[in-house]
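Rule-based calculations on the coordinates, nothing more; no lab input. None of these values were measured; they are calculated from a predicted model. Glycine also receives a Cβ, built like all others from the backbone with ideal geometry; neighbour counts cover every protein chain displayed.
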Amino acid sequence: MRKLAFFLVLFLEVIGTEIQAQEKRWNSSVDLGLSAAKDHFTVATGYSWLYGFGKKQRFQAGLGVRYSGTWVNNGRYTTSPAKLTSGKEGPQVLFSDDTPETIDTMYASGQFNMLNLAIYLQYQINPKLEVGFNIDAIGFSVGPKKTGDFASVQSDNIGLENVGVKPYPFNALLVSDNDFGSLNSEIYLRYHFNEKWSLKAGGTFIFSEYQTDSKIAFDNNRFRNKSLQGLIGIAYHLGKGI
């Protein structure tokens, strides 16, 4: 019995030493960002997990969960579906020209509350400085119902107003105008003050999408606003793990 206990303790010590010797490649952080542009304001907070690749772990990639709240004052929303904006669907919309004859316009104010799973990429330039990019992948949005002012390129609908709108509920990153709903993406430069705190600055690109109460011109009920905003943010780093 004593021998069994001795070997059990020895085994646990070896396993513990082996675990401690493994290189810690996962790191997690909580961050807060503020973004603004003309007639737009966004606050975003998220929790991310990144894995370091390579011997020096300079390149990191991972996932996170992010809440983004964006406020829009009389924003310009245009037809969303790719089949109307370019006459095509699929990856080729990236290389397609717009078709203005099927793109309507709506002006609306409002608030979007987005909760999304996000993709994170970072590259460490040196121990203090890194460049990063992230983008929402899938999630949902909620927000108050508002009224939009709608005008169509179809002559018989020009001047139509007081259209009821609310945030499109489902968010999905596909390709360009194939996207659904409201999505947040950031590109930034981050400076680490110490092991726990860092500051980032860069740009935020927000897609916010409304749906109308019923389908209107071109049998469409989805309208999107794209906003490029200046970004500043702070992060608290929770440390590394295996």
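Observations
- Estimated inter-spin distance, Tyr47 and Ala61, nm [label 7 Å along Cα→Cβ]: 2.4 nm
- Loop-located trypsin sites (Lys or Arg not before Pro) in region 174-242 whose Cβ has at most 16 other Cβ within 10 Å (DSSP): Lys196, Lys215
- Here volume of the Cα convex hull per residue in Å³ was calculated from the structure, and among (1) 129; (2) 165; (3) 220 it sits at label (2).
- Among Ile125, Ile232, Ile206, Ile119, the order by Cβ neighbours within 10 angstrom, fewest to most, reads Ile125, Ile232, Ile119, Ile206.
- With R₀ set to 45 Å, the beta-carbon distance separating Asp213 from Ile234 gives a calculated FRET efficiency near 0.65.
- Shape call, region 127-218: gyration tensor on alpha carbons, a/c limit 1.5: prolate
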